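Q: Before anything else, here's the structure in question.
The values are calculated or read from the model by the stated rules, or taken from the named source; none is laboratory data. In this text, all values refer to a predicted model and were calculated from it rather than measured experimentally. Every residue, glycine among them, receives a Cβ derived from its backbone with ideal geometry; neighbour counts consider all protein chains shown.
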Amino acid sequence: MFQFKRYLFAVSLIIAIPSMNAQWAFEGPVPPITQGYGAFGTAAVTSEFFSIAPDSSLECTDTIRGIITYPTGISSKKPVVFRFPGSSNQNLADSTYYKKSQFYREFVASHGYVSVTMQWNSSTSHYGCAYQMVNDIAALHANKIDTSRVGIHGMSQGAAITNWLSLKMYINHNWGANGRFSWPDAGASFIGFTEDWPNDIQTQTDSGLAAMPDDVLYLMTLSDWDNIVDPRTCIDMFNFMGVPDSNKEFMILRGDTINNYIYWATHFTTSTYEEDSSQFVVYISKYDALDYWYGSRLLHSLMEAAWTGDPAARQICMGNGDSTQTTIANGAIRGPIVTDSPWMNMFASWNSNQGYMYSCQVSWNMRQYVTADACFTLSLPESEKTPGLKVFPNPAKVRSSINIESDKGIEHIQVISAAGRTLFESTQGPIEIHQSGVYFLLISLRDGTRQSAKVLITDW
């Protein structure tokens, strides 16, 4: 168990005042939710930046930056949602980070609760950072945060943190004894880092997952067209998570097309402020109905079900396929698939036969090392396979040599970032990429044709 220590915080104050009429850049023919579950509350909110010094003993080599948002003028302890967005392989400016997290932070606080969000940098931050952060911020704001009523919510790599941290805090510290939930979204693989191994092996075993307290409301969501996350990692976690079926739900989020507007159900269904339908390209403006029906509505229902015992809210998040769950936007948009027995062929992404960026067998999915059936026995095509083209190794480490071979001969290679910027060009391989992330190779061949490939660069 990690040892708790007290740290110095650097804090700057920011004030925002949202309401039910809070303005967000909105797209699409289906309107946002303006009343009921998923609608913003009426409380004014206050936000503060904070930072926590690194501590190598907690496997935290980076200064942690985060934001706490709470009802303005708060005078007593309130339930808290700890939220972990997906990994960021770059240092974001405070202004961008503030905007990226604003929707969910202010939604939670507008209903009278506290929200704590941490920027996660996958290249330098380990699980110990998350543990350190929630302990320290709870101590610093002990007059605001009620650790007996807790929710942990994360997407992508933040979903993996959600699984691990829920087990740690709910079991070891009995946080949330008066109401608690866990919501891993869009990538609930149980990631471990080599530095954590084997110190944290017990948490990652079948019996470790089975130890999750029975009263935790456990919602797992994965989108229909998510080509980043192998569904097997999510299904494995869900099946062994030790809460009764009445308190856990697997939900497959689905998109739709209405009046030529596409509601994309991809890796970023609930985070469309930061990403668009390509699943990779930065998109700094868009919200649509899915952010409300699959984002704020689900979060709202979990908070009220866990902390107030609201039966109507419980039907939304734990309804076992009830029409309240599966009918969204009054039937204007396809609803989710809700099941306690998820399987791969339920996903359009699996049936497309295009593979996944992060296969279940990726080296840092530690579950495959503690149980023989974590990834089942199924094979999956490599998403990078293109006839006549070889790109290897892929994934590759930062600054390692990446070989590019084609039976048609290579004339020109263009390396493009996830944001769509050309980083450099070359007339031949091998190439080196000096920063972790997702990259695209546009390759011109000597016969006049072009091919492309996707490359993942990691620090591990």
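Q: Return yes when S349 is closer than 21 Å to H153 by Cβ, polar (S, T, N, Q) and at pLDDT 85 or above and no when it is not.
A: no
Q: Which strands (runs of 3 or more DSSP E) sit wholly inside the range 194-264 and have at least 1 residues that are of a type in the set (A, V, I, L, M) and surrounded by fewer than 17 Cβ atoms within 10 Å (Cβ to Cβ)?
A: 256-258, 261-263
Q: Which residues, counting only those in the range 415-430, are in a strand (DSSP E or B) and in contact with a Phe, Trp or Tyr (Cβ under 8 Å, 6 or more places away or on another chain)? Can you show your working first?
A: Let us first name the residues in the range 415-430 that are in a strand (DSSP E or B), namely 415-417, 422-426.
Hits for the range 415-430 are V415, I416, S417, L423.
Q: Being at pLDDT 85 or above, more than 27 Å from the chain's Cα centre (by Cα) and of a type in the set (S, T, Y): is that true of S406 here? Working first, answer last.
A: Working: at pLDDT 85 or above: yes; more than 27 Å from the chain's Cα centre (by Cα): yes; of a type in the set (S, T, Y): yes.
It is true that S406 is at pLDDT 85 or above, more than 27 Å from the chain's Cα centre (by Cα) and of a type in the set (S, T, Y).
Q: Still on this structure, I have one more. With T327, T339 as the choices, which residue is under 19 Å from P184 (Cα atoms) and of a type in the set (S, T, Y)?
A: After ruling out the rest, the residue left standing is T339.
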